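Beneath this line is the structure, given in structure tokens, with notes to follow.
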Amino acid sequence: MSIKTLERKITPTVKKLVEEYWLLDKSDKILIVSDYPTSTDFVDKQISLLSDMIERNLLARSIKKVIESNFPNPTKIYFIKPTYQHYVDPDDPILNKKVSESDFVFTITHFSLTRVTVFNDLLKRKAINQCSSPQISIEDFLPNGPIDVNVPYLKKLTTKLYNIIKKTNNFRIFDPSGSSLEININKQVGMYCDTGIFEEKGLIMNIPSGEVGIDIIGPNNDNILVNGRLNIFPGWTEDLSEQITLWIKNNLITEVEGGGKKGKMMKELMKKTNLYVDQFGIGTNPNAKNPLSLIVADKIQGMAHISINPVKFEDNHFFFPVDYLIIDNKKYPKSHLFELNEEE
């Protein structure tokens, strides 16, 4: 695909991004950040990784061009060396300066820059917003993709689910295979409602969006306790060739059954360290379809997930379909959770 064709195809979605998600003032300064392979990387890194990063670099440049052609906002792009780890600050003083001079930062990187300190202080002071999109692809910007959704509808649906969960201290989630997960909330911390809409300063959200969940549950967190048994099936998690069953007690993975190569790796890791749940989420985006892209899979409507640390980021998410929730002895079927009636 030529650059001109790419820009033409993504233009409607980029315009929607700026107009309906980001809600920028005309004077807001935009900074787009992308990580690029260095000359050394071309010697010793996998071709698939290099190709993926370069494609995302071209996407970042094309997004900048579309914004400049359609909006008055001053827009800059800055390429950084890869951190080769997720959630790690880049060693780049120039990036710090450029971020501090911006109002809105869009990180289109392979390695996630979510929750890194270069943004955190400015976010806390409500000086900037950060739209974080690690491993986002060109396909995500095409018509009818996970960004090209009915944004007001997605906001209402995501907020509805968030309000259902937020009002309780205990809920149980069930899937059709017999999996069940119970979450006890002794103190409401780390809960999030990712609509993708930046209605105030100091926010960090993903694009694609559409997710409700609880972040950083952790191994020693009495505020939020996760217990249950999950049956996870192949097709959604890297290296998972057969069904794996996970037992969870007070956030810790206590037993692993099956899972082939994946299960064996986790059992070996459990001999050395504790495996624990660090995130729970439920997707609400009706246009999110790709289970092999984490940034998209987390948002697939009707799919729940947990992420487990310290398993490698690329394959630490485990997905299961929501059948129903029980909250305060009331059953909420899937049809109620992921649909809006006329009054809503």
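General remarks:
Conditions (1) within 19 Å of Ser179 (Cβ to Cβ); (2) aliphatic (A, V, I, L, M), marked per residue:
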position	(1), (2)
Ile253	yes, yes
Lys262	yes, no
Thr273	no, no
Ile282	yes, yes
Ala297	yes, yes
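- Flag if Leu275 is more than 22 Å from Ala297 (Cβ to Cβ) and either assigned by TED's automatic domain parsing to the domain that holds Asp323 or basic (Lys, Arg) (or both): no
- Selection from region 90-111 of residues that are within 22 Å of the chain's Cα centre (by Cα) and closer than 25 Å to Glu200 by Cβ: Val99, Asp103, Phe104, Val105, Phe106, Thr107, Ile108, Thr109
- Complete set of residues in region 262-272 that are without any contact (Cβ under 8 Å) to a residue 24 or more places away in the chain and more than 18 Å from Phe233 (Cβ to Cβ): Lys267, Glu268, Met270, Lys271, Lys272
- Hits in region 9-42 (condition: more than 18 Å from Ile197 (Cα to Cα) and of a type in the set (Asp, Glu)): Asp35, Asp41
- Conditions (1) farther than 25 Å from Tyr21 by Cα; (2) surrounded by fewer than 16 Cβ atoms within 10 Å (Cβ to Cβ); (3) touching a residue at least 24 places away in the same chain (Cβ under 8 Å); number of the one not met by Asp91: (3)
- Leu230 vs. criteria of a type outside the set (Lys, Arg) and crowded, with 18+ Cβ neighbours inside 10 Å: yes
- Criterion (of a type in the set (S, T, N, Q) and not in a strand (DSSP E or B)) met by exactly one of Asn231, Asn220, Asn227: Asn220
- Segments classed as strands (runs of 3 or more DSSP E), wholly inside region 273-325, with at least 1 members that are touching a residue at least 40 places away in the same chain (Cβ under 8 Å), touching a strand residue (DSSP E or B) at 6+ places or on another chain (Cβ under 7 Å) and small (Gly, Ala, Ser): 276-283, 303-309
- Qualifying residue in region 120-129 (condition: under 29 Å from Arg8 (Cβ atoms), in contact (Cβ under 8 Å) with a residue 60 or more places away in the chain and outside any loop (DSSP other than H, G, I, E, B)): yes
- Scanning region 234-254 for residues that are hydroxyl-bearing (Ser, Thr, Tyr) and in a loop (DSSP other than H, G, I, E, B) returns Thr237, Ser241.
- Scan region 192-225 for residues that are among the aliphatic types (A, V, I, L, M), surrounded by fewer than 21 Cβ atoms within 10 Å (Cβ to Cβ) and over 24 Å from Ile147 (Cβ atoms) and the total you get is 2.
- If the condition is being in a loop (DSSP other than H, G, I, E, B), in contact with a Lys or Arg (Cβ under 9 Å, 6 or more places away or on another chain) and acidic (Asp, Glu), then region 131-184 contributes only Asp148.
- Residue within region 280-289 that is surrounded by fewer than 17 Cβ atoms within 10 Å (Cβ to Cβ), more than 12 Å from the chain's Cα centre (by Cα) and farther than 20 Å from Ile214 by Cα present: yes
- Scanning region 227-255 for residues that are modelled with pLDDT of 90 or more, among the aliphatic types (A, V, I, L, M) and closer than 25 Å to Ser293 by Cβ yields Leu230, Ile232, Ile244, Leu246, Ile253.
- Residue selected from region 158-193 under the condition touching a residue at least 40 places away in the same chain (Cβ under 8 Å) and touching a helix residue (DSSP H, G or I) at 6+ places or on another chain (Cβ under 9 Å), by the criterion farthest from Ile217 (Cα to Cα): Lys160
The values are calculated or read from the model by the stated rules, or taken from the named source; none is laboratory data. Source: prediction; values computed, not measured. Neighbour counts run over all protein chains shown; Cβ positions are idealised from the backbone, glycine included.
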